[in-house]
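*Asks:* My questions will all concern the structure given below.
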Amino acid sequence: MNSVPDITQAGFVADEFQEIIPIGVTGRPNGVDATGKPVYQTVDATYAVPYLVAHNQQIQNQADASDAAITTLTTRVAALEAKAVNAGSTTTSTAT
């Protein structure tokens, strides 16, 4: 007796996919043929590729903007810290 290992698979639910990319789904939800047998919908995930690429580009742009903001803020904090250290040493030296 052959045993099949448990394999996690990923995919799309046709009804949900059809709401976003109607052209990527063939068949009807809960479709049946003339004898009452189910006719399952099929998903062509290649239609999702342009959407996935565009979304990935959007995420990358947001990450780049966040990196730039972090760099700017880090530079400003360093300048403020240096100014505070210098102000502290000036105050200390005039107080003695």
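*Asks:* Which value, in Å³ per residue, describes the convex hull spanned by the Cα atoms of the chain?
*Replies:* Numbers: hull volume 19.8 nm³, N = 96.
So the per-residue Cα hull volume is 206 Å³.
*Asks:* Here's a follow-up. Please work out the average accessible area per residue across the chain, using the 1.4 Å probe convention, and give it in Å².
*Replies:* 87 Å²
*Asks:* Another question about this same structure. Out of the total accessible area of the range 1-91 (probe 1.4 Å, heavy atoms of protein only), what percent is carbon and sulfur? Please report the intermediate quantities before stating the final value.
*Replies:* Working: 4710 of 7860 Å².
C and S atoms contribute 60 percent here.
*Asks:* Would you kindly state how much longer the chain becomes between A45 and D15 on full extension, computed as 0.36 nm times their sequence separation minus their alpha carbon distance, in nm to one decimal? Present the calculation step by step, with values, prior to reporting the outcome.
*Replies:* Working: separation 30, 0.36 × 30 = 10.80 nm, distance 1.30 nm.
My answer for the length gained is 9.5 nm.
*Asks:* Follow-up. How high is the FRET efficiency from N86 to A65, r the C-beta distance, R0 35 Å, rounded to 0.05? Write down the numbers at each step before the final one.
*Replies:* Details: r = 32 Å, r/R0 = 0.91.
Approximately 0.65, to the nearest 0.05.
*Asks:* Rounded to the nearest 10 Å², what accessible area does V43 have for a 1.4 Å probe in the complete protein model?
*Replies:* 50 Å²
The values are calculated or read from the model by the stated rules, or taken from the named source; none is laboratory data. Please read all numbers here as calculations on a predicted model, not as lab measurements. Cβ coordinates were reconstructed from backbone atoms using ideal geometry, including for glycine residues, and neighbour counts include every protein chain displayed. Each accessible area value is taken on the protein alone, full model and side chains, heavy atoms only, with ligands, DNA and RNA left out. Shrake-Rupley method; radii C 1.70, N 1.55, O 1.52, S 1.80 Å.
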